[in-house]
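One structure, as structure tokens, below. Some questions next.
The values are calculated or read from the model by the stated rules, or taken from the named source; none is laboratory data. Because the structure is a prediction, the values reported are computed rather than measured. Please note: Cβ atoms are built from the backbone with ideal geometry, for glycine as well, and neighbour counts cover all protein chains shown.
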Amino acid sequence: MDSKAYWVGFNLVKGIGAVRLRQIIDFFGTLEIAWNSPKEGLLAAGLSSRIADNFQQVRSQINLDLIMANIEKKHIKVLTWEDSDYPRRLKEINQAPPVIFVNGSINVEDDWAVAVVGTRRVTPYGRQVTAEIARFLAQNGVTVVSGLARGVDAIAHQTALQTGGRTIAVLGNGVDVVYPTEHRKLASEIASQGALVSDYALGTPPDGVNFPPRNRIISGLSLATVVVEAGETSGALITAEFAVEQGRDVFAVPGSILTPQSEGTNRLIEQGARPLLKMAEILDALKLEQIPEKQLTRKINPTSGVEKNILNCLSQDPMHVDELCSLSGLPISEVSATLTMLELKGMVTQVGGMHYVVARDIKGLYKTK
């Protein structure tokens, strides 16, 4: 049986999330061993009796072979922490989902993504601004991430598609279920020009309790989150909160103090979010001006062993090229040439005086454990 089947199985057990699954893996070594363990073994791994009972009930009621066959039949991709193509930005967040289901594809281009979220009750102003933001991002090679909801989400997805860009929709249900139902055509287009993503099992229906947790994936996939319009209780504000917790940038579009849809965004600005006054500010703040060139350079020139050595030496603290030579064990000529290539790829930045730092968008990716 495919080892991913056990990840999918554990994903169905209520009470076993990222923290407990890591605990289980550390104790048993593999999920296959854990899956076949008696209750006593699960208790020894640190699970409560209630969760161990939940697990045994799920295990007795499902057929992993049939579940995996259904996933394959629907052409859904399963990505786990162990997969090299698991979205690396998402993997950086605290308690990243152990399993995500993907209808479509997540590509290297999606390393540069920005979430565009907001109210379902969008105003004409919000509609115009959302379209302009999504169009600008797509034209500059930035993937637009949102939640497939009515209003701001749908406009962001549609505009990105119409502009020829990539877009990812994160769902609060299974990726084989479309909600709202009128977005079936939109969902199909997103799957062909991006991806539908969820950490909920196939067949999971939409439920109000599912949507706040899925917002951590929207922000987790993205370098930044832009909130266009949001009331005081809008789910978009939850996405912004997750973005802050994850150390990602938050932009908010200022609005009229007389409009309920702007109460949340204006409050975000008051609390420290960056007011988005010009579209280019997103690229400037995130240093994304040269995305197409960086993407092309990375594709043409994959990261070499020498480059990984250099990246492993660097951090967010400036390091002089002489110290890099000493740490890497490489001659100055090779270090200098490698740094030049890494700068072209957008993976390191020179901060003056021959001092370098690793670029924020790849920090930690090449660090050895």
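Taking the conditions exactly as written (modelled with pLDDT of 95 or more, touching a Ser or Thr at 6+ places or on another chain (Cβ under 9 Å) and at negative phi), does Val145 satisfy them or not?
Answer is yes for this residue.
Of the numbered conditions (1) touching a Pro at 6+ places or on another chain (Cβ under 9 Å); (2) closer than 23 Å to Asp284 by Cα, Pro180 fails exactly one; give the number of that condition.
So Pro180 meets the others, but not (2).
Name the residues in the stretch 174-195 that are farther than 12 Å from Ala149 by Cα and surrounded by fewer than 24 Cβ atoms within 10 Å (Cβ to Cβ), would you?
Gly174, Asp176, Val177, Lys185, Ser188, Glu189, Ala191, Ser192, Gln193, listed by residue number.
Also: With charged (D, E, K, R) and either over 23 Å from Asn210 (Cβ atoms) or exposed (fewer than 15 other Cβ atoms within 10 Å of the Cβ) (or both) as the only criterion, which of Arg50, Arg89, Arg120 stands out?
Arg50
In the list Ala191, Ala195, Ala169, which residue meets the criterion of being assigned by TED's automatic domain parsing to the domain that holds Leu277, among the aliphatic types (A, V, I, L, M) and not in a strand (DSSP E or B)?
Ala191
Next up: May I ask you to verify whether Gly104 is at positive phi and crowded, with 18+ Cβ neighbours inside 10 Å?
Considered against the rule, which asks whether it is at positive phi and crowded, with 18+ Cβ neighbours inside 10 Å, Gly104 comes out as yes.
Go through the stretch 149-164 and give me each residue that's of a type in the set (Gly, Ala, Ser), touching a Leu at 6+ places or on another chain (Cβ under 8 Å) and surrounded by 23 or more Cβ atoms within 10 Å (Cβ to Cβ).
Hit for the stretch 149-164 is Ala160, nothing else.
Name the one entry in Leu276, Leu288 that is at pLDDT 80 or above, among the aliphatic types (A, V, I, L, M) and closer than 27 Å to Val129 by Cα.
Every option except Leu276 fails the conditions.
Pairs only if they're at least six apart or on different chains, beta carbon under 6 angstrom, first in the stretch 15-35 and over 16 Å from Ala96 (Cβ atoms), second of a type in the set (S, T, N, Q); list them, first residue then second.
Gly15/Asn54
Turning to a different aspect of this structure: Go through the stretch 222-250 and report how many residues are in contact with a Ser or Thr (Cβ under 8 Å, 6 or more places away or on another chain) and either under 14 Å from Ser146 (Cβ atoms) or part of a helix (DSSP H, G or I) (or both).
11
Assess whether Arg89 counts as being at pLDDT 95 or above, in contact with a Lys or Arg (Cβ under 9 Å, 6 or more places away or on another chain) and basic (Lys, Arg).
So Arg89 fails the test.
I would also like to ask the following. Just give me the residues in the stretch 171-185 being under 22 Å from Glu229 (Cβ atoms) and either hydroxyl-bearing (Ser, Thr, Tyr) or in contact with a Leu (Cβ under 7 Å, 6 or more places away or on another chain) (or both), in sequence order.
Leu171, Tyr179, His183
A follow-up question, please. Filter the stretch 68-81 down to the residues that are out of contact with any helix residue (DSSP H, G or I) (no Cβ under 8 Å at 6 or more places or on another chain) and either part of a loop (DSSP other than H, G, I, E, B) or of a type in the set (A, V, I, L, M) (or both), then identify the one that is surrounded by the most Cβ atoms within 10 Å (Cβ to Cβ).
Leu79
Can we say Thr303 is of a type in the set (Ser, Thr, Tyr), modelled with pLDDT under 70, closer than 21 Å to Asp111 by Cβ and surrounded by 14 or more Cβ atoms within 10 Å (Cβ to Cβ)?
Here the answer is yes, as Thr303 does meet what is asked.
Follow-up. Could you identify the single residue in Gln261, Gln271 that is free of Cβ contacts under 8 Å to residues at least 60 places away in the same chain and over 17 Å from the mean Cα position of the chain (by Cα)?
So the residue among Gln261, Gln271 that is free of Cβ contacts under 8 Å to residues at least 60 places away in the same chain and over 17 Å from the mean Cα position of the chain (by Cα) is Gln271.
Turning to a different aspect of this structure: Report, ordered by the first and then the second residue, all pairs with beta carbons closer than 7 Å, sequence separation of six or more or different chains, a first member in the stretch 44-58 that is over 17 Å from Val19 (Cβ atoms), and a second member that is not aliphatic (A, V, I, L, M).
Note: pairs meeting the criteria are Gln56/Lys39.
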